Structures are given as structure tokens and as C-alpha cells.
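Working notes, beginning with the structure itself.
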Amino acid sequence: MNKSPNTRQITFLTNNREKKEFILFPYGHYKDDEYWVAPLLIEQRKIINPDKNPFFNNAEIALFTAQYNGALTGRIAAIIDHRYNNYHNRKTGFFGFFECNDDPVTVNLLFRAAEGWLKDKGMADVLGPANPGMMDVIGILVDGFDKYPSILMPYNKSFYDRLILEAGYQKEMDMLTYLVTQDSVDRDRANRAVEIVKKRLPGIHVRRINLRKIHDEVKIIQEIFNKAWCNNWGFIPLSSEEFEVLATDLKTIVDTDFAHIAEIDGEPVGFSVALPDYNQIFRKMNGRLLPTGIFKILWNKRKINKIRTALMGVIPEYQGKGIDVLLHREAIQNGLKRNYYSSEVGWILENNIQMLRVAEKIGGSFDKRYRMYSKKLD
């Protein structure tokens, strides 16, 4: 039977062909967007694969696509992170991997499908986007569309905020990034702050992460991270399996000029991992590592001129004492020596006034805003 004109359809994905279409949709969706950076396809396949991503040892996912007159027009995932709910004593589901044309009817159908799956699983509310978890790429860009995203940061169509709000969601939390450049960094102020911290904490020492002992270093990072972030919005403690995957990834892309552990009398109390902005290379690769992508990365790595602080933490008893300034300053100073032009700090929660002030003290100015949304399920 022929389909009638203007037919919309939502598909619950069950096979590899459909999942491949799900993964590939953004690559056509953004083909005319100057600032979208195609993520590596190999990583996109892995991140939604329960057999490859340790996140799914304690989580479930359902994938949906939307079609209009037979053409793919959108996608969404419904996710349940059991660790998040156990930790927060909640029944929260997540939406993620949201992409869609500017069509409110299709958007409502996609959200209805995801919300229906979550309600059937006993969830009481929805939070998102998380891709797939809260410690992965999260949020919708709402301010900063005229700039390339840094590594592991999202970029999306400017109308997504409107579509999500129209679908019945409300703002839950904004996350901000700040940009420090060679022109804006206040070296004198940063140096004075460092001297104050060293007088206050005479046993303080900042050292580089040792890649030859990366698994031991990652255990230190895991312990600090889980202590430092335990009271933050959206936090869940990361598992040893997730940090083992992180260790493998860090050994591949981390630069020890920008990855440090702070110790007091030899005891680790803080860490910072800033990554070279590989998006400056990825934007020219269209998501494909083969056949020549790996050579492009190796050849163009020396041309990267920006870093992004991706992970940072200071254990609670030493928070507010300037150790974070020390860590930021170390990475920025090393970047300046190598003629890196800028450093992105963030994201930072909009209610984390202390970290926002730290970003300003080192010469940072507001750069981009990302948003998380929530909705009660009736």
C-alpha cells in the first residue's frame, strides 16, 4: 500500500543497518554548517555499543529515528543510567544523541517515543542531553555558534533550544566555557596568586602525569575526581572500568605539558588534564580515520594552537585554597612556551561561582554557553 503524502514515522532501532543510519545522520545534517566538526566515526560506533562501552555495564539504551516521506529527518536515544539513579535515589531517564530538522511535529514524536520507553521502564523524569552519560559529552550549545567547538564539546543547530523547550522541557542547568589567550592572560596576577598559594601551602608541588605509569596515575585521578565532584550537580562516581578506558585514551592523546597532579608533601590532592584541541585536525577529516586520517593527525599535531581543560579536581579539604589556579597556570605557561595561542577553561557550572572567578582571575572571558534540560513524566 502506498504511503500518503507528508507521512511521518518513528522507528525503534533493532538491527545494525538502522544503527548505522542513526550514526551517519549528523554527517549529512551538518554538511553545510561551517563550524560543525565531524566526530570520528569509529568512536561514534563504539560509544553506543553496549559491548564496547563500559558505561553500559550499568545502563540501558534505546535508539529511535524519524522519517518524513521515507527520508531520515531526526534521531534520539533514551537512556537509563542505573548508577545515577542509585547514587541520587532518583528515577531519572535521559535523552541523548538528539538531532533533528526544524520540524516541531517530528521533534515531539521523537521525544514522545523516548519518553514512552522511559515511562515503561518506571522513570519519573527526564534529563538531557547526555551522550550517553553525564560524564560524556553533554548539553546543547545555546551561545557561541560562530566558533568551532573544542575537543569533546558539542555543536548543534541554533534552533535546538527552541525545539526542546517547545517539546515541554525546561532549562535545568547551564554550563559555561571561558577562553584565555596570549593577549588576555594576566601573567602578573597569576604569578602573584601562585606565590600566595605556595606561602599558604609550603608543601605544594605540581608534577606532570607519568605516561609510563598511566594506569597508576589514572587510579590517582579517579580517587581525586570522585572525591572532588561528589557534591556537584549531575555527578556520579566513575567506575574503574571507565577509568581504564580513559587511561587508554589519554595515553594516545594527552600531552604531559598539559596534564598535572598537585601534591602536598607527596600526597596527591588535585589534578588537571588539558587536551590539545584535536578538533583543529578533525574538522578536515569528515570523521574518517582511514585510509589517511592517522597520518593527518600525526602531521598536523604540531599545528594545534589551543588546549582545553577537560578534567580537573581538587579534594574537598583543599578546595578554595588556590590549587586550581596553580594547575591552570602550569598548563597555560607551558602552552605559551610552545606558542599555543589559547586555552579553553570549561565547562563550568553556572552556579559554581568559585570556578567562574578562577577563570576570570587567570584572564579568561566568557566564550560559550551550553544547556541541560529536564521534564517531569506524567
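What follows is calculated from the coordinates using simple rules that are stated; it is not laboratory data. Quantities reported herein were computed from a predicted structural model and do not represent experimental measurements. Neighbour counts are summed over all protein chains in view; Cβ atoms, including those assigned to glycine, are modelled from backbone coordinates with ideal geometry.
Checking every one of the chymotrypsin sites (Phe, Trp or Tyr not before Pro) in segment 253-344 against DSSP loop status and a limit of 16 other Cβ atoms within 10 Å picks out TYR341.
When segment 8-175 is described by a simple charge dipole with +1 on each Lys and Arg Cβ and -1 on each Asp and Glu Cβ, the residue from LEU127, GLY144, ASN16 located farthest towards its positive end is ASN16. Here each label is just a point 7 Å from Cα along the line to Cβ, and for GLU34 and ASN89 those points are 5.2 nm apart. Between the C-alpha center of segment 219-247 and that of segment 16-94 there is a gap of 23 Å.
Which value in Å does the Kirkwood hydrodynamic radius of segment 262-346 take, with 1/r averaged over all unlike C-alpha pairs and then inverted? Please report the intermediate quantities before stating the final value.
Details: mean 1/r = 0.0686 Å⁻¹.
About 14.6 Å for segment 262-346.
Dipole check for the chain: with +1 at the C-beta of Lys and Arg, -1 at the C-beta of Asp and Glu, and the Cα centre as origin, the magnitude is about 700 Debye. Computed with the Debye formula from one identical point scatterer per Cα of segment 73-204, without solvent, the log10 of I(q)/I(0) at q = 0.13, 0.19, 0.20, 0.22 Å⁻¹ comes to -0.67, -1.08, -1.16, -1.35. Converting phi to 3J(HN,Hα) with the Karplus coefficients 6.51, -1.76 and 1.60 and the offset θ = phi - 60°, segment 236-247 yields 9, x, 7, 7, 4, 5, 5, 6, 5, 5, 4, 4 Hz in sequence order, with x at every glycine or proline.
Fraction of C-alpha pairs exceeding 21 angstrom in segment 179-370: 53 percent, rounded to a whole number.
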